[in-house]
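What follows draws every value from the coordinates through simple rules; no lab data is involved. Fair warning: this is a prediction, and the values are worked out from it, not measured in the lab. Glycine gets a Cβ as well: all are built from the backbone with ideal geometry, and neighbour counts include every protein chain shown.
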Amino acid sequence: MPPREVLGRFTEPGDCESIAQWLREQETNRLVLSLDMLCFGGLVASRTLATEPRRALERLEVLRALRSMRPDLTIFAFSVIMRLGTTVASEADLDRHLLLRAYSQLLDRAERLGEGEARSELAAVEGKLAGGDLDEYLQVRRRNHAINRAAVQLTAEGAIDFLVLAQEDAAPVGIHIPEQMALRGQVEEFRVADRVAICPGADEMGLDLMARHVIASSENAVGIAVDYAAQAGAEVIPEFETQPLRRTVEGHVAIAGAHLSSPLEASAILFVHTPIERQLDIAEAPPGGHAFALALQADSVVERLEAASAAGRLVGLADLAYCNGADPELVFALQRKKLFESVHAFAGWNTTANTVGTVVSQLCLLAASGAAPAGPAPSALQRFLACRFADDYGYQSVVRPKAMQRAREMGINPYALGERADEFEQFVRGELEPLAHDFYSRLLGGEAAHDPPAFRLSLPWDRLFEVEVEFVSSTAPKNL
């Protein structure tokens, strides 16, 4: 990875020129590239007009140069199709984000679907958008769409070996749908459908493409069997996504370089804890022990996972019951059965695509490496899983609601903590660290009894939406 200091921080863009120079200096023959980082300085930066369209296109030229200098390179890249909204760093940003999201969906309903009633609603939303907010948003979308079209062109030329166009937070209707249709048409025109994927996601795509590289360089083909908690749940269209949950799972399996398989022939089994009827935000979840239907489903999922693990299978668990956090009922079911040590891959964070890509990548890396399911889990895997449980459940489902309530009571903006960021980081640490160590030592076991790892925590963007956690073994190199 490039030095972290050149990657930017939240609304501060990364140093694109330094990143391009770093790329030229690498001797590796396999690359995973975020085109948003290369062209704009990061995903958040890609939502602003800070980079002129011509400059962004010029920055893509490093890929042609790399291909010319290093024909042996295998380049997997991903680029984001812009979300329906913008970055939230204040209450005003949140209002603007929601209005732009509404505008984007109403525009598609009015123009593409011809819904008459959407036109009057669209006009009302336009009237609420202040100043040049809408014009800037549309300019950003046009520029980013041009970058995505240029990326497809580069793939057709052979400068990129495999490209993912990742649809960030969206909906079944919206301004992104015509963009996707145009990109699919270009892919068909250039006959690169086998080398370009369009799928919901964003943050997890680097993991997917790393897994794809590992599988491509391995002699072990990876087949994944998917076990959905409920078939009806597999057809739910999750929050922030454009298609049924099942299609997102299948898309990420393919992007990671694996294939769908039957349970008996699969390298690993992915258990999916699906939503019931519709996917809610974790903030809408009832108190633990009060979501009776989900509790029954969680017990069923855990029982099937237990049987597969006991049979010596690699098993992963994608918790999709809610977005933005793990289901307490599922964690309680794992705890009752004392099955945390049996789970080889887990995630339950942010969007469905974020969770699915994270779990699928873990399973692919383990299967491609020939890891023995019955053997002791590598300490690095234990630490990673402990971070997932600590973050996805411990922080998002338990501690963040407390921190949000604390911010409201103190009259502090949870999206911009400002001078109170250190105070809230200490509060979060005090609440989360005991829970995190409990996941690691009592539930995940392993090396914890004789070599407890150090726990690192920060609020990386001085807001409460996300936390950065890490377990670092005392025997690990200091540069980790």
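Modelled spin labels at A254 and S441, positioned 7 Å past Cα toward Cβ, are 4.7 nm from each other.
Ordering W461, W349, W22 from the fewest to the most neighbouring beta carbons within 10 Å gives W22, W461, W349.
Note on S458 and D93: with the Förster distance fixed at 22 Å, the Cβ-Cβ geometry gives a FRET efficiency of about 0.50. Over region 84-192, one equal point on each Cα, no solvent: what is log10 I(q)/I(0) by the Debye formula at q = 0.15, 0.17, 0.22 Å⁻¹? Relative scattering, expressed as log10 I(q)/I(0), comes to -0.72, -0.86, -1.18.
The ranking of C364, C199 from fewest to most other beta carbons within 10 Å of each one's beta carbon is C199, C364. Peptides 393-401, 46-54 ordered by packing proxy, namely the average of other Cβ atoms within 10 Å per residue, highest first: 393-401, 46-54.
Once the Cβ-Cβ distance of N29 and A123 is raised to the sixth power relative to R0 = 60 Å, the FRET efficiency obtained is 0.65.
Give, to the nearest whole percent, the P(r) tail of region 220-375 beyond 22 angstrom, counting all Cα pairs. Every Cα pair in region 220-375 considered, those over 22 Å come to 34 percent. Along its first, second and third principal axes, ordered by size, the chain spans 56, 56, 45 Å in Cα coordinates. Modelled spin-label separation between L264 and F10, with each label point placed 7 Å from Cα along the Cα-to-Cβ direction: 5.5 nm. Ordering of 246-259, 139-152 by packing is 246-259, 139-152, highest average first (other Cβ atoms within 10 Å, averaged per residue). What FRET efficiency comes out for the pair A50/D194, r = Cβ-Cβ distance, R0 = 30 Å, nearest 0.05? The computed FRET efficiency comes out at 0.30.
Output the peptides 216-227, 352-363, 307-318, 116-127 sorted from most to least packed, where packing is the average of other Cβ atoms within 10 Å over each peptide's residues. Could the numbers behind the result be given before it?
Working: 216-227: 16.2, 352-363: 28.6, 307-318: 19.2, 116-127: 13.2.
Taking the mean over residues of other Cβ atoms within 10 Å, the ranking is 352-363, 307-318, 216-227, 116-127.
Dividing the summed -39500 (n - 2.57) terms of all DSSP H runs of n ≥ 4 by the residue count of the chain sets its mean residue ellipticity at 222 nm at -14500 deg cm²/dmol. Given region 4-202, report the % of alpha carbon pairs whose separation exceeds 26 Å. So the portion of pairs separated by more than 26 Å is 36 percent.
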